[in-house]
1. Can you tell me which residue within the range 15-32, out of those that are closer than 13 Å to Leu54 by Cβ and touching a residue at least 24 places away in the same chain (Cβ under 8 Å), is surrounded by the most Cβ atoms within 10 Å (Cβ to Cβ)?
2. So which of Ile5, Ile33 ends up being among the hydrophobic types (A, V, I, L, M, F, W, C) and at pLDDT below 85?
Amino acid sequence: MSNTIFGFTEAEIAHFGLTVGVGAFMLYMLFIIVQLARESNAGRFGTFVLLLALGFGMLGFIAKTILQWWLEK
């Protein structure tokens, strides 16, 4: 019990931060992208391009998580 913080191990805290923390940050980034498109009057195509270009890294992270889950199953 001496190697825990509030009853959680370091691995459990890291796993929680990676899943919930990064997921929340990705949702915030999505909000920022949509707000940027709205303020710049980008239109439908411009919004699509912004979401595609700036959200492509988020798609890769989600795909990596799904692949890891599928391979561990």
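1. Going residue by residue through the range 15-32, those that are closer than 13 Å to Leu54 by Cβ are 26, 28-32.
Remaining after also requiring touching a residue at least 24 places away in the same chain (Cβ under 8 Å): 26, 29-30.
On the way: Met26: 16, Met29: 14, Leu30: 14.
Among those that are closer than 13 Å to Leu54 by Cβ and touching a residue at least 24 places away in the same chain (Cβ under 8 Å), it is Met26.
2. Working: Ile33 fails: at pLDDT below 85.
After applying the criteria, what remains is Ile5.
The values are calculated or read from the model by the stated rules, or taken from the named source; none is laboratory data. Here the structure is a predicted model, which means the values were calculated and not measured. A quick note on method: Cβ atoms are made from the backbone with ideal geometry, for glycine too, and the neighbour counts reach across all protein chains shown.
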